[in-house]
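Notes follow once the structure below has been shown.
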Amino acid sequence: ASCREFAREFSRKRVAICHRIVYREDMSTNDIQLAELTTDPAELAELATSDDEGVREEVALNDHTAAETLTAMADDENGDVRFGVATHPNTPLEVVESLLKDEDVEVVNGAVEGIRRRNPSYRFFQEQ
């Protein structure tokens, strides 16, 4: 992987890493590890409804999370979860575009990153 690819992947994972460090005592470790490691989309869909923000963040970052699950998570109350949804390659483009209007600037930045990763020539403003 190139340095640029590594940097992009790192930015997606930074939210979960920071959450683990800051909130370690409050997290249900088993569900967080399961959300991080499982490859089963049905299991991830179930974990996406967890009351634990850390679990939902891991679901949003898991490469095996289905588009339907990510779509449902796009209006999560937690900005870090929405950031994960915005940067996830499985999130439908129309969902990522909707996150461009999010109240959290980090989520908006994540949506810009997610769109640019898919289509570097995407026009964010229409020419007049």
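Key figures for this structure:
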quantity	calculated
Test: residue in the stretch 37-44 that is surrounded by 13 or more Cβ atoms within 10 Å (Cβ to Cβ), without any contact (Cβ under 8 Å) to a residue 60 or more places away in the chain and aliphatic (A, V, I, L, M)	yes
Residue match in the stretch 73-88 (condition: open to solvent by 30 Å² or more (accessible area, probe 1.4 Å), without any contact (Cβ under 8 Å) to a residue 12 or more places away in the chain and either farther than 25 Å from ASN30 by Cα or not aliphatic (A, V, I, L, M) (or both))	yes
Where GLU113 falls short, out of the listed (1) open to solvent by less than 60 Å² (accessible area, probe 1.4 Å); (2) part of a loop (DSSP other than H, G, I, E, B); (3) among the charged types (D, E, K, R)	(2)
Unmet criterion (only one of (1) touching a helix residue (DSSP H, G or I) at 6+ places or on another chain (Cβ under 8 Å); (2) part of a helix (DSSP H, G or I); (3) modelled with pLDDT of 95 or more) for GLY54	(3)
Search result, residues across the stretch 89-108 that are open to solvent by 70 Å² or more (accessible area, probe 1.4 Å), in a helix (DSSP H, G or I) and within 16 Å of LEU61 (Cα to Cα)	GLU106
Flag if LEU34 is closer than 22 Å to GLU97 by Cβ and either open to solvent by less than 30 Å² (accessible area, probe 1.4 Å) or over 11 Å from the mean Cα position of the chain (by Cα) (or both)	no
Tabulated pairs, the stretch 45-57, first under 11 Å from ASP76 (Cα atoms), second of a type in the set (Gly, Ala, Ser), C-beta under 7 angstrom, 6+ apart or interchain	ALA48/ALA72; ARG56/ALA48; ARG56/SER50; GLU57/ALA16; GLU57/GLY84
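The values are calculated or read from the model by the stated rules, or taken from the named source; none is laboratory data. Model, not experiment: these values are computed from the prediction. Heads up, the Cβs are rebuilt from the backbone with ideal geometry, glycines too, and the neighbour counts pull from every protein chain shown. With ligands, DNA and RNA removed, areas are computed over all heavy atoms of the protein, side chains included. Shrake-Rupley method; radii C 1.70, N 1.55, O 1.52, S 1.80 Å.
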